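Input: a single structure, listed below in structure tokens.
The values are calculated or read from the model by the stated rules, or taken from the named source; none is laboratory data. Since we're looking at a predicted model, the values are computed, not measured. Cβ atoms come from the backbone with ideal geometry, glycine included; neighbour counts cover every protein chain shown.
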Amino acid sequence: MDFFQDVSNDTPILVYADGACSGNPGPGGWGVVVYANEKTLEKNGGELETTNNRMELNSCIEALKLIPKNFSITLRTDSRYVKDGIMLWVASWKKNGWKAAAKAPVKNQDLWEILDHLSQDRLINWEWVAAHNGEHGNERADMLAKQGIVMAKMNS
């Protein structure tokens, strides 16, 4: 059954997205928790050789893939890299041919392009939350990301 089937379009969607890495680079995982009304949807995954920043980006990408475009989303991340990147830096990176301020290529450009594309024509309120502060959704997303690391190692 589709998670959003019985959720009206005016229902605010709350998302927690987190990434984790065991070593940086090393095995990594991402976790997503979506709340709508009284319902919860969780998803996670991982990769054997990655970085923490890539997993943080992947968590947001995977979250946006889950949610139909016609919903208003509050997306909470404990990654300032992701929040500042999508809200402050992406526009100038695109304008400058995906070059950072020092004229160096933007790291993780492939994932930034996907996240930027998935963010277009959507109402997303990006919020930063402190990591490991006891906020249930963030703690749950972190646990799912750590499980993603274990899954990546087991599937290798």
Subject >> Filter result (touching a helix residue (DSSP H, G or I) at 6+ places or on another chain (Cβ under 8 Å), of a type in the set (Phe, Trp, Tyr) and in a helix (DSSP H, G or I)) within segment 69-119 >> reply: Tyr81, Trp93, Trp112
Subject >> Condition met for Glu127 (among the acidic types (Asp, Glu) and surrounded by 15 or more Cβ atoms within 10 Å (Cβ to Cβ)) >> reply: no
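If a residue must be touching a residue at least 24 places away in the same chain (Cβ under 8 Å) and not in a strand (DSSP E or B), how many such residues does segment 11-35 contain?
Adding up the residues that qualify gives 5.
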Original post:
Do any residues in segment 93-111 that are under 19 Å from Asn58 (Cβ atoms) have Cβ atoms under 6 Å from those of residues that are at pLDDT below 95, where the two are at least six apart or on different chains, and which pairs are they?
Top reply: Val106/Ala100
Original post:
Which residue, of Leu118, Leu48, Leu66, Leu75, is under 13 Å from the mean Cα position of the chain (by Cα), surrounded by fewer than 18 Cβ atoms within 10 Å (Cβ to Cβ) and at pLDDT 95 or above?
Top reply: Leu66
Original post:
Which residue pairs have Cβ atoms under 8 Å apart, sit 6 or more places apart or on different chains, and have a first residue in segment 115-139 that is over 14 Å from Val34 (Cα atoms) and a second that is polar (S, T, N, Q) and in a loop (DSSP other than H, G, I, E, B)?
Top reply: Trp128/Ser79
**OP:** Exactly one condition in (1) farther than 20 Å from Val82 by Cβ; (2) in contact (Cβ under 8 Å) with a residue 60 or more places away in the chain is not met by Asp2; state its number.
**Re:** (2)
